[in-house]
Amino acid sequence: MLLIPWMLWAMQASLCHGACVEVDSDTDAVVNEGFKLGCISCKMRGEVPATATVSWYFMARGESEFFRIYSYEEEVGVIEDERFYDRLDWNGSKKTTDLQDGSIYILNVTWNDTGTYRCFFNRILTFPSYEFTTNATKIVHLNVVPRLTRGMASILSEAMMYVSIIGLQLWLLVEMIYCYRKISAQGEEALRESASNNGSKQNQQIAFEASHSPVQQFSTSPLLPDYYYDTLPSQPNPSRRLSRQELKNIPSKT
């Protein structure tokens, strides 16, 4: 059941030609390694065509002024600060001028990259009779570290994730055992009912056959001596009971 809302959201996103979700950038970069400066600004009117440009600014630690270090327009990126020559690369929306992801990538982080980065979106929405300009700004406070260390919140989150997974598996196991026992009990009950019904039908059949058997009917008649049948002109009907007069006429054997 929990998957249904996610599936509906995914279907809606595919119909809208891709979904946009604004996610904050990471803030800890490892020295001498690469790092992505994230900057996402979603367009609120997805059906309206638009064009956008992105500019990045940097203020180093201890400074009080921002300097433009990178700009991206018409699918062309330009590095504008010599401190970042050959170290910045575009990592945002590609093959479109309707930008929503303005992320860039630092190829080789140095200690001097510590500071505050500002991402500036300039978007122009094109309506049938006019154009409308909107702006968006994202701030990233970058801290350069010798190596990544996991915080307590991250450790607790991972532990809770594993606990949740184990708990879910145990719950599913209990549900499977319960369902198996329930189905097994219902099957055994159905077999007992079927056997009981078959036994009852067999008893009824035996009783019916016994009540309509000629031997059984003949045995209800009085016992007659064997020589009596020698005196009869023909074999009597064993299903007919003898009258008292016929019984008196039976000769006695001396």
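The values are calculated or read from the model by the stated rules, or taken from the named source; none is laboratory data. This one's a predicted model, so the numbers in the text were calculated from it and none came from an experiment. Backbone-built Cβ (ideal geometry, glycine too); neighbour counts: all protein chains shown. Surface areas here come from the heavy atoms of the whole protein model, side chains and all, with no ligands, DNA or RNA. Shrake-Rupley method; radii C 1.70, N 1.55, O 1.52, S 1.80 Å.
The table that follows gives values for the structure above.
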| quantity | calculated |
| --- | --- |
| Residue check for ARG45: assigned to a strand (DSSP E or B) and open to solvent by 80 Å² or more (accessible area, probe 1.4 Å) | no |
| Pairs, first in the same structural domain as ASP113 (by the TED database) and touching a residue at least 24 places away in the same chain (Cβ under 8 Å) in the range 65-79, second surrounded by 14 or more Cβ atoms within 10 Å (Cβ to Cβ) and basic (Lys, Arg), C-beta under 7 Å, six or more apart | PHE66/ARG118 |
| Verdict on GLU63 being surrounded by 13 or more Cβ atoms within 10 Å (Cβ to Cβ) and either touching an Asp or Glu at 6+ places or on another chain (Cβ under 8 Å) or at pLDDT below 95 (or both) | no |
| Residue identified as in the same structural domain as ASN135 (by the TED database), touching a residue at least 24 places away in the same chain (Cβ under 8 Å) and open to solvent by 80 Å² or more (accessible area, probe 1.4 Å) among LEU107, LEU99 | LEU107 |
| Unmet criterion (only one of (1) open to solvent by 80 Å² or more (accessible area, probe 1.4 Å); (2) within 43 Å of the chain's Cα centre (by Cα)) for ASN112 | (2) |
| Pairs with Cβ under 8 Å, 6+ apart, first in the range 18-31 and loosely packed, with under 13 Cβ neighbours inside 10 Å, second part of a loop (DSSP other than H, G, I, E, B) and not charged (D, E, K, R) | VAL21/CYS42; VAL23/GLY38; ASP24/GLY38 |
